[in-house]
Amino acid sequence: MRSRRITTATLILTAVTVLAVMLLAGETGTIKGIVVDKDTGDPIAGVSIQVIGTTTGAMSGPDGRFVITGVNPGKISVNVSSVSYTSIEIFDIMISAD
């Protein structure tokens, strides 16, 4: 009898955990992109892309690509900076939940 109660409790806990993950999955958005040189079109590695007013951000990879997850939906702005380039801010980017 005790074994059956533990199994039932485990199944209920697992179901609650799965439900919580499903509910949280659609609450944030993702920013994906590629950073390229304006003049040459070549990808730029090591660029910092930071959501302004948060600690959320990413660095571009060797192919210039980046992904920022867990971004709150709504209008946001990002700061794009690199040692070898002039920093820019991009305003009013609309983020939707995934």
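Rule-based calculations on the coordinates, nothing more; no lab input. Since we're looking at a predicted model, the values are computed, not measured. Neighbour counts are summed over all protein chains in view; Cβ atoms, including those assigned to glycine, are modelled from backbone coordinates with ideal geometry.
Over the range 45-91, what is the mean sequence separation of C-alpha contacts under 8 Å (at least six apart), divided by residue count, expressed as relative contact order in percent?
Numbers: 76 pairs, mean separation 17.1, N = 47.
Result for the range 45-91 is 36 percent.
With the cut-off at 1.5 for a/c, could you classify the range 56-98 from its C-alpha gyration tensor as rounded, prolate or oblate? Mind showing how you got there, number by number?
Working: a/c = 2.95, a/b = 1.48, b/c = 1.99.
Cα axes put the range 56-98 in the oblate bin.
Using amide H atoms built in the peptide plane, which far-off residues or other-chain residues are under 5 Å from Val47 H to H?
Here Ser60 satisfy the definition.
Under 12 Å from the Cβ of Ser96, count the other residues' Cβ atoms, weight Lys and Arg +1, Asp and Glu -1, and hand me the total. Can you show the working numbers first?
Values: positive: Lys75; negative: Glu27, Asp98.
Result for the local shell: -1.
What number comes out for the charge environment of Pro62, summing +1 per Lys or Arg and -1 per Asp or Glu over other residues with Cβ under 15 Å away?
Details: positive: Arg65; negative: Asp37, Asp42, Asp63.
Around Pro62, the surrounding residues sum to -2.
Karplus couplings for the range 29-44 from phi (6.51 cos²θ - 1.76 cosθ + 1.60, θ = phi - 60°), rounded to Hz, Gly and Pro as x?
x, 10, 10, 10, x, 9, 9, 10, 5, 4, 7, 9, x, 6, x, 10
Rounded to whole Hz and in sequence order, give me ³J(HN,Hα) for the range 63-79 from the Karplus expression 6.51 cos²θ - 1.76 cosθ + 1.60, θ = phi - 60°, writing x for Gly and Pro.
9, x, 7, 8, 9, 10, 9, x, 8, 5, x, x, 7, 9, 10, 10, 10
Compute the signed sum of charges (Lys and Arg +1, Asp and Glu -1) over the other residues within less than 14 Å, Cβ to Cβ, of Ser82.
Details: positive: Lys38; negative: Asp37, Asp42, Glu89.
Charge balance in the 14 Å sphere: -2.
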